[in-house]
Amino acid sequence: MAKLHIETKTRGIETADSLYGLFFEDINRSGDGGLYPELLRNRSFDDGIYPDDLTLQGEGLANANGWTLEYHGGEGQKRWKEREAPTEIPAWYAERAHMELERKNTLNAKRQAALAVSFEPGGRIYNIGYCGISVNAQADYHLYFFAKAKERMELGITLESGGRVLCAEKLAVEAGDYARLDCVLIPEESATDARLCLSSAAGGELLLGFLSLMPTDTYRGHGLRRDLCEKLKALHPAFLRFPGGCIVEGFSKSTAGRFKRMVGPVWERPGVINLWGYHSTEGLGFHEYLQLCEDLEADALYVCNVGMTCQARNCILMDEDEIEDLLDDALCALEYALGPKDSEWGSLRAKMGHPEPFGLKYLEIGNENNGKDSEERYERFRKRISERYPDLVIIANTHVEEAGLALDIADEHFYDKPEWFAENAHFYDTYDRKGPGIFVGEYAVVAGAIRTLYAALAEAMFLVGMERNQDVVKLASYAPLFENVNYAAWEPNLIAFNGSKNYAIPTYYAIKMFAENKGKYVLNSRQECESIYAPYLKGGPCLVMSRGVSFCNARWKGEPVSAEHELFGCVKELENGVSVTDISEDAANAEQAGRFGLADMAFVTLGTDESSRAGSFEVEILVEEDKKIGLGMFATPYGKARNSEDSPWNLFAVQPIRWTIEGKESRLTAGVGFRTYNLAEPAPIELACGVYHAFQMESDGKVLRCKADGELIAEVELPHYDEIQTIALEDGDEIIVKIVNIADEEKPVEICLDCEVCGSYERGILCGDASAVNTLEEPEKLIDRWSRESGAAKHFVYKAPASSVNVLRLKKTAGGDENGKI
Ligand code: AHR
């Protein structure tokens, strides 16, 4: 039976109040049409317009260094576009009317286009929003727009759904210059597929400069979508990191994140095409983010660009002037948030309705940048900013202290399979206590069991590890936060929504349970339990080695095997049973190999076994100087491919344990693609060149042995993790015990305390079928449920259900329960 020993007499480390927070990035159309509840898509007609530093390449937009974004004339991803009938001006349609973009006579200098409409009598135009406009019966929706006409024109304004008029208004555009018109629309019926129609009975010509349609009922009256903000508030976030993420970096000089672009009246904000495939109005701008922080009672954590674009998207370095400009932009942002109301930017804040400074506490300089260029820029930003704002907590997005630079906190990001999180519950145990604080700024299970309870359990195990190390880990936020289900560019996300509903994945409820039960001190505790050997270690053998390597007699479990899936390169059969690895003639295969620095390699699976967790792989290989030898085991794809059109036999999914011999060194590693790590220290090996050697990898599912010509070269225990993770915390006279059971069976845990507790206790639990998920239709299948339980004692057995996150709140007592009974 598993055991948990808890010492309550001496306190361990203090808990970090700041630990659980949020990271918002405008991804998956989570800003416009989401948290920022603009109901009209392409309200300023910019969606099909792109900046000069990008070039159109087919359906994509390429940056100066050739990285291409899926664009489709401003509709974004191909699969988004397929949901709606194509139109020249995204989201806008015309009936007995002609529409075109007017590029000169715009509302103001920041607007790139107006919509020129020529109505026939009875003609109309309409906007379909984000896959339909969602409205509630009898609720108020505020419509305003700027329009210009040469002659007075009466416009009919309706919200319609399935041919029914939900509400109707009339507004008259007077002849003359652009003027603003406002009205409130109150639909008689609810609908999720409504459209906003503007019609003209008499016909005529009109220029529309900008429109907006929003619900008037918003979170704390500050303009953001109520149900989504309430979901955030329920997590008790200590901070909010914004606005990104990769969008802060941008993918060209003009698309890099800038504060100055996202303040002031929304119709004067130019907006930006972001690297998730769509134009953002930045109506959800700097002020709105800060106001949200205040409304959530969360500290603001602003991320600024550090003078370079996204390094994962063929990075473009800013030149001297541009770096200065971005540094100035960051300083202006700080003045906007923190400066007095009579300062240049503080006065704009006051004009926007917030004379008092906002509580901006953290500044993160850059996102996912690394290397010399980034460090130089970081240091320049840090120095200048800290001189002016010495109390700001400075976050670096890599470990810049290794380059001798100052920082308060380093941001680390983890996207991996569930088992990685379970295996790394002790990740922070060995961190230098004198080093910088750690911000786990982005983490998520992104492979295999995404969105499931199983993923939540694995992440919760990692969170337990973070909680045990709160003297080092100061902040943590899951990523990404939101997804409009009709526009996913990244999966999974913490909260998914459409126009009317939302749901959160089980991870959300695990975070909520932990954030609501932080305690004041971590207590010293020790757990004893069984291990689980990583279930993804399954399947047959593979070869990952240089091209031009000859081999023969490949056998798996004693049976001959031959090439099955050629991920990179290929295998050619020669005479006498000898095969040789070669470069593939398939261009896509070769291109992928090149991208991962494996251009001269072949990665080929052998045989058809996709399920064995034990076995022996034998093969004879001709060893030659300058040729890399590589054997692998457990070469089955991890989970399904994200996009069902893709073959799962790809570098991301197939991650065998790999034995590589290069020169005189033998290495045993896990993974192939982005994240590879050593399972054992590299060891010396001596093999004569020009002759065949017999290699063997064999495992019983727990231990792996590698032999060359019968000699044992390496022996390692396979990746595994504890079946439960536990922590105990003190909260006044209560002891909080958190137990995560990732096993698919109930685990009795003997809890051994050194003090008496009441028999009756409060218990929160998140549990169910490990593969279960929440959905829009069943949003609360997996949520935390709280109840009063009995049976706690100084020593007692708590039965943690299969696949569960448990929080027990035990009350210390001098002896006996609250009724004095023992
Ligand atoms: O969370 C999605 C992206 O992942 C973020 O934009 C980026 O920081 C990371 O690569």
Provide the convex hull volume over Cα atoms per residue for the range 474-578, in Å³. 259 Å³
Quick calc, residue 105 & residue 201: beta-carbon distance into FRET formula, R0 22 Å, rounding 0.05, result 0.35
Going by average Cβ density within 10 Å per residue, which order do the peptides 4-17, 145-158 take, highest to lowest? 145-158, 4-17
Using +1 on the beta carbon of Lys and Arg, -1 on that of Asp and Glu, and nothing else charged, what's the dipole of the chain about the Cα centre, debye to 20? 1600 debye
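Where does each of 650-657, 269-276 land if you order them by average Cβ count within 10 Å, highest first?
269-276, 650-657
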Residue separation between residue 184 and residue 676 times 0.36 nm, minus their alpha-carbon distance, gives in nm 171.4 nm
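Quick one: Cα convex hull volume of the range 525-626, Å³ per residue?
It is 166 Å³ per residue.
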Compute the Rg to Rh ratio over the range 234-384 from the alpha carbon atoms, using the Kirkwood formula for Rh, and round to two decimal places. 0.96
Roughly speaking, what is the centre-to-centre gap between the range 46-66 and the range 418-496 when only Cα atoms are used, to the nearest Å? 34 Å
Once residue 434 and residue 582 are pulled to full extension, the length gained, defined as 0.36 nm per residue separation minus their Cα-Cα distance, is 48.3 nm
Summing +1 per Lys or Arg and -1 per Asp or Glu among the other residues with Cβ less than 14 Å from residue 219's Cβ gives -2
Using only the alpha-carbon atoms of the range 135-192, report the extent along each of the three principal axes, biggest first, to the nearest angstrom. 37, 20, 14
Within a Cβ distance under 11 Å of residue 149, other residues only, what is the Lys/Arg minus Asp/Glu net charge? -2
Would you kindly calculate the mean projected area, averaged across all directions, of the convex hull enclosing the Cα atoms of the range 1-135, in square nanometres? 17.5 nm²
Residue span residue 356 to residue 754: 0.36 nm per residue of separation minus Cα-Cα distance leaves a gain in nm of 138.3 nm
What does the range 150-254 give for Rg and for Dmax, in Å, if only its C-alpha atoms count? 19.4, 56
Note: the range 469-524, point scatterers on Cα, Debye, no solvent; log10 I/I(0) at q = 0.26, 0.29 Å⁻¹ equals -1.08, -1.21
Using the membrane-span-like helix rule (whole DSSP H runs, Cα extent along the own axis of at least 24 Å, mean Kyte-Doolittle hydropathy at least 0.0), which helices of the chain qualify? 320-338
In the neighborhood of residue 405, defined by Cβ-to-Cβ distances under 13 Å, what is the net charge if each Lys or Arg adds +1 and each Asp or Glu adds -1? -1
I want to check the label-to-label distance for residue 813 and residue 771. Put each point 7 Å from Cα in the C-beta direction and report it in nm to one decimal. 4.4 nm
Efficiency by 1/(1 + (r/R0)^6): what FRET value for residue 491 and residue 17, r their Cβ-Cβ distance, R0 = 35 Å, to the nearest 0.05? 0.65
Rh (Kirkwood; distinct C-alpha pairs) - the range 64-149, Å: 15.7 Å
Return the ratio Rg/(2.2 N^0.38 Å) for the chain, where Rg is computed over Cα atoms only. 1.06
Computed Kirkwood radius, in angstrom, where 1/r is averaged over Cα pairs of the range 384-541: 17.6 Å
Per residue, how much space in cubic angstrom lies within the convex hull of the C-alpha atoms of the range 410-499? 88 Å³
Determine, at each q value in 0.14 (inverse angstroms), the log₁₀ of I(q)/I(0) that the Debye formula gives when each Cα of the range 717-809 is one equal point scatterer. -0.57
Using only Cα atoms, what is the ratio of the radius of gyration of the range 631-733 to 2.2 N^0.38 Å? 1.45
In units of 2.2 N^0.38 Å, the Cα radius of gyration of the range 663-788 is 1.74
At what distance in nm do the modelled label points of residue 426 and residue 785 sit from each other, each positioned 7 Å from its Cα along Cα→Cβ? 3.5 nm
Binned at 5 Å from 0, what are the whole-percent values of the Cα-Cα distance distribution for the range 523-580, short to long? 4, 13, 19, 18, 12, 7, 6, 5, 5, 5, 4, 2, 1, 0
Order these peptides, 774-785, 203-214, by their mean beta-carbon neighbour count within 10 angstrom, highest first. 203-214, 774-785
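Coordinate-derived values only; no laboratory data. What you see is a predicted model, and the numbers here were worked out from it, not measured in a lab. Positions of Cβ are backbone-derived with ideal geometry, glycine not excepted, and every protein chain shown enters the neighbour counts.
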